[in-house]
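Working notes, structure below.
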Amino acid sequence: MEISLAAEPIFHIGGFEVTNSLLTAWIVVAFLVIVSIALKKKIKKVPKGLQNFVEAMFESFLKIMDSVSGSRKQSIKFFPIVVTIFLFVIFNNWIGLIPGVGTIGFNEVHNGHEVFVPLFRAGSADLNFTLAVAIIAVASTHFFGIVALGFAKHMKKFIDLKKLYKDPVMFFVGILEIIGEIAKTVSFSFRLFGNIFAGEVLLTVVAILVPYVAPLPFLFLEVFVGLIQAAVFAMLTLVFLSLQTSEH
C-alpha cells in the first residue's frame, strides 16, 4: 500500500499538468453547472420535486446566515459566494466516497518500481485545491469590504500611518491584522485538507485490514465529516465577510 500526499498527474494539456484531484474537481463543476441549468429551465411558481428541495434548503441556509450577518439584506448579498463555496466543497468532499474514486487507475513505474496511480481523487484531499478555495474566500471578504466601506477606509483597518505617531500600539495591531489574514488562508486550507485526506487514509487502511463490513461505519462518519467541514468553511467565510464589511 502506497499513499501519496500530493495529487498525481494524469495527463497534460500543452504545458499544463492535469492531476487526478483537478480532474475530479472539474467533474464536480460540470455536475453543479448541469444541475443548475436543468433546474433553471424547470422553475415554476409552485415548486415541487427538486425545485422544492433546493428552495427549502436555500431558505434554511438564509435563516442560518441571518443569525450571523444580522440582516436578511446582508445575507442575500453574501449568499452567492457563501453557498457556492459550500456546495463546491461538500461535493468535492463526498465524491471521494463514491466507489471507484481512488481505486480505478493505472500502474506507472517510478524510481524502478511499479506504483498504482488512481484516475480520480477527491479535490479536497489536495492541498492545492483547498488553498485555492481559501484564497478565493479570503479575497472575497476584502472585495466586499472595499465595496461596502471604500478602499481607503478598508485599508486603514490594516495600515494607518497616522496611528504610527498618535497610537503606535494600534498601528501594530493593524500589522497583526495583516498577519491574521494570512493565517486565515493557511487555517482554511490545512483544516479542510487535513480532515478529508485523513479520512481517505483511514478508509483505505480499514478496507485493506478488514474489508467489506468494517469500512461501513467509517464511511458514514466521513459523510458527516464532509458535511461539517463544508459548513464550517462556508460559515467562517460568512463571519469574515460580516467583519470586513463593518467599520469596526
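The values are calculated or read from the model by the stated rules, or taken from the named source; none is laboratory data. A quick note: this is a predicted structure, and the numbers were derived from the prediction, not measured. Positions of Cβ are backbone-derived with ideal geometry, glycine not excepted, and every protein chain shown enters the neighbour counts.
Suppose we filter Val206, Val201 for residues that are in contact with a Pro (Cβ under 7 Å, 6 or more places away or on another chain), in a helix (DSSP H, G or I) and farther than 21 Å from Thr141 by Cα; which single one remains?
From the options Val206, Val201, the qualifying one is Val206.
How many residues does the range 144-172 hold that are surrounded by fewer than 15 Cβ atoms within 10 Å (Cβ to Cβ) and either within 23 Å of the chain's Cα centre (by Cα) or part of a helix (DSSP H, G or I) (or both)?
Within the range 144-172, residues that are surrounded by fewer than 15 Cβ atoms within 10 Å (Cβ to Cβ) and either within 23 Å of the chain's Cα centre (by Cα) or part of a helix (DSSP H, G or I) (or both) number 12.
Might you check whether a residue that is in contact (Cβ under 8 Å) with a residue 40 or more places away in the chain, out of contact with any Asp or Glu (no Cβ under 6 Å at 6 or more places or on another chain), farther than 24 Å from Val147 by Cα and of a type outside the set (A, V, I, L, M) occurs anywhere in the range 226-246?
Within the range 226-246 (the criterion being in contact (Cβ under 8 Å) with a residue 40 or more places away in the chain, out of contact with any Asp or Glu (no Cβ under 6 Å at 6 or more places or on another chain), farther than 24 Å from Val147 by Cα and of a type outside the set (A, V, I, L, M)), the answer is yes, since at least one residue qualifies.
May I ask you to say which residue of Ala30, Ala38 is without any contact (Cβ under 8 Å) to a residue 60 or more places away in the chain, assigned to a helix (DSSP H, G or I) and within 30 Å of Asn107 (Cα to Cα)?
Result of the check over Ala30, Ala38: Ala30.
It is to be established whether one or more residues within the range 114-125 are part of a loop (DSSP other than H, G, I, E, B) and acidic (Asp, Glu).
no
Given the criteria basic (Lys, Arg) and either under 20 Å from Phe240 (Cα atoms) or at pLDDT 90 or above (or both), does Lys162 qualify?
no
Between Leu39, Leu50, which is modelled with pLDDT under 90 and surrounded by 13 or more Cβ atoms within 10 Å (Cβ to Cβ)?
Of Leu39, Leu50, the one residue that is modelled with pLDDT under 90 and surrounded by 13 or more Cβ atoms within 10 Å (Cβ to Cβ) is Leu39.
I'd like to know if the range 165-181 contains one or more residues that are of a type in the set (Lys, Arg) and without any contact (Cβ under 8 Å) to a residue 12 or more places away in the chain.
Within the range 165-181 (the criterion being of a type in the set (Lys, Arg) and without any contact (Cβ under 8 Å) to a residue 12 or more places away in the chain), the answer is yes, since at least one residue qualifies.
Need the failing condition index for Ala6 against (1) part of a loop (DSSP other than H, G, I, E, B); (2) of a type in the set (Gly, Ala, Ser); (3) modelled with pLDDT of 85 or more, just the number.
If we test Ala6 against (1) part of a loop (DSSP other than H, G, I, E, B); (2) of a type in the set (Gly, Ala, Ser); (3) modelled with pLDDT of 85 or more, just (3) comes out false.
On the basis of being more than 15 Å from Gly123 (Cα to Cα), among the hydroxyl-bearing types (Ser, Thr, Tyr) and within 15 Å of the chain's Cα centre (by Cα), does Thr185 make the cut?
Spelling it out, Thr185 is indeed more than 15 Å from Gly123 (Cα to Cα), among the hydroxyl-bearing types (Ser, Thr, Tyr) and within 15 Å of the chain's Cα centre (by Cα).
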